[in-house]
Amino acid sequence: KQWYQRRVAITAGGRGGRSSTNSHTVTVFGSTGRMGRFLINSLGQSGSQLILPHRCDTHTINPLKMASDLGQQHHVYTPDFNDEAHLEDLVKYSDVVVNLTGSHRPRLHHSFKDSNATLTHKIARACKNVGTPCFIHMSHINASYDSPSQYLKTKALSEEIVLHELPNSAIIVRSADCFHAWDDFTHYLARLNSRKRLVQKGRTQIYKRGIFTYKQPVFGPDVMKGVARIITTPDQDRQRLYQFVGPKLYSLHEFMQSITDITFRMYQPIFNPVRHIVEANIARYENYIRYQMVTDKPINGLPGLEDLGIKPSVFEDEALFWLRNYRIFWQTWDPLDGQKSDIYNNSMGTGENL
């Protein structure tokens with residue numbers, strides 16, 4: 001690939017940091033998603049040239065420009081991902097392509113398979129046609145064809161597609177459920193508890209009271225720092241499969257207790273078998289199945305964040321930033337005297353200790 005070697009020799013330079021230019025040109029699909037902003041920030045810090053396809057309004061992607069120096073980002077409006085020639089144009093100048101596309105729920109015009117597998121197949125095929133040396137695909141540690149979750153089934157299918165199209169250049173990154181300020185995971189669990197009226201004393205419907213489900217969540221920015229570290233690692237030192245999990249293993253009951261300790265809410269888990277049948281078997285509520293019924297099953301021996309020199313953040317140290325919003329309005333800030341208001345046994349509903 002003489003054109004690629006010539007491009008690297010021209011673009012590499014500087015002392016390092018945002019105002020320099022390293023030897024990597026990276027195309028990131030899904031940069032406007034929940035996790036994309038963290039990856040763009042990490043890559044911008046190292047001086048990577050970024051090509052960011054998007055099909056959203058320009059006001060959505062414009063804030064990402066702040067992550068890089070002037071001229072380091074190239075935003076390409078891509079309304080139709082069925083155009084294979086256009087996809088090839090997006091990846092042919094890049095030595096690394098990162099796929100963050102996917103959806104946690106089916107959309108009006110796109111099913112789980114369309115969002116998580118079909119689109120990945122089109123991107124992987126374009127990379128195959130132009131000979132992309134490195135393709136990084138984000139997956140999930142619970143991705144399996146036997147999973148009750150449609151999301152995890154299609155993630156398993158996307159892994160198979162990527163490895164079939166790019167057997168020598170694909171890198172699979174399996175991540176546990178991520179927690180950060182824009183996640184689905186902790187916000188979903190916090191809403192389950194905070195939407196209860198005060199007279200219900202925190203009674204919350206949890207699958208089998210959270211005793212038999214175990215989670216090992218990981219901080220979203222740590223995951224994207226790991227992906228950025230993979231990109232800057234020499235190719236001969238890269239592994240083909242990574243697994244990113246958090247430092248602590250929780251039962252779902254323990255994790256809900258950690259959330260309610262931050263939100264200053266009561267928590268009493270209950271399990272209604274009839275409601276479980278409705279949500280899991282009839283309504284097929286994806287968040288309920290994936291976040292409450294599926295246990296994380298990491299594989300021992302796979303390289304993780306520590307192998308890339310990243311110390312995973314602990315949930316309790318980070319979650320106050322966004323879970324504070326689920327407190328009662330007069331308890332938004334920690335009390336100076338350390339005395340929390342008794343909001344459940346107060347007939348006035350004002351938070352005053354009568």
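The values are calculated or read from the model by the stated rules, or taken from the named source; none is laboratory data. Quick caveat: nothing in here was measured; it's all calculated off a predicted structure. Don't worry about glycine lacking a Cβ; one is built from the backbone with ideal geometry, like all the others, and counts go over all protein chains shown. Accessible surface areas use protein heavy atoms only, side chains included; no ligands, DNA or RNA. Shrake-Rupley method; radii C 1.70, N 1.55, O 1.52, S 1.80 Å.
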Considering only Thr232, Ala124, Phe81, whose Cα is most displaced toward the positive end of the charge dipole of the chain, charges sitting on Cβ of Lys, Arg (+1) and Asp, Glu (-1)?
Phe81
Ranking Glu160, Glu165, Glu316 from most to least accessible area with a 1.4 Å probe gives Glu160, Glu316, Glu165
The answer for segment 140-193, accessible area per residue at 1.4 Å probe in Å², is 33 Å²
Can you give the charge dipole size of the chain about its Cα centre, rounded to the nearest 20 debye, using +1 on the beta carbon of Lys and Arg and -1 on the beta carbon of Asp and Glu?
480 debye
Number of Lys pairs in segment 140-299 with C-alpha atoms less than 27 angstrom apart, excluding same-chain neighbours closer than eight positions?
21
Leaving out ligands and nucleic acids, note down the accessible area per residue over segment 209-338 with a 1.4 angstrom probe, in whole Å².
51 Å²
So how do Ile161, Ile61, Ile282 rank on accessible area, 1.4 Å probe, biggest first, that is with the largest at the start?
Ile282, Ile161, Ile61
Dipole size in debye (nearest 20) for segment 92-139 around its Cα centre, Lys and Arg Cβ +1, Asp and Glu Cβ -1?
160 debye
Heavy-atom accessible surface of the chain: percent carbon and sulfur, 1.4 Å:
51 percent
Find the accessible area per residue for segment 44-95; the probe is 1.4 Å, ligands and nucleic acids are left out, and the unit is Å².
53 Å²
Going by alpha carbons, how many degrees (0 to 90, nearest 10) lie between the helix axis of 150-165 and the longest principal axis of the chain?
10 degrees
With +1 on the Cβ of every Lys and Arg and -1 on the Cβ of every Asp and Glu, and nothing else charged, how large is the dipole of segment 25-150 about its Cα centre, in debye rounded to the nearest 20?
280 debye
Charge-dipole axis of the chain as Lys and Arg at +1 and Asp and Glu at -1 on Cβ define it, positive-most pick from Thr204, Pro273, Tyr250
Pro273
Would you mind getting me the FRET efficiency between Glu88 and Ile270? Use the beta-carbon distance for r and R0 = 45 Å, nearest 0.05.
0.25
Using alpha-carbon positions, what is the distance between the centroids of segment 229-249 and segment 120-152, in Å?
16 Å
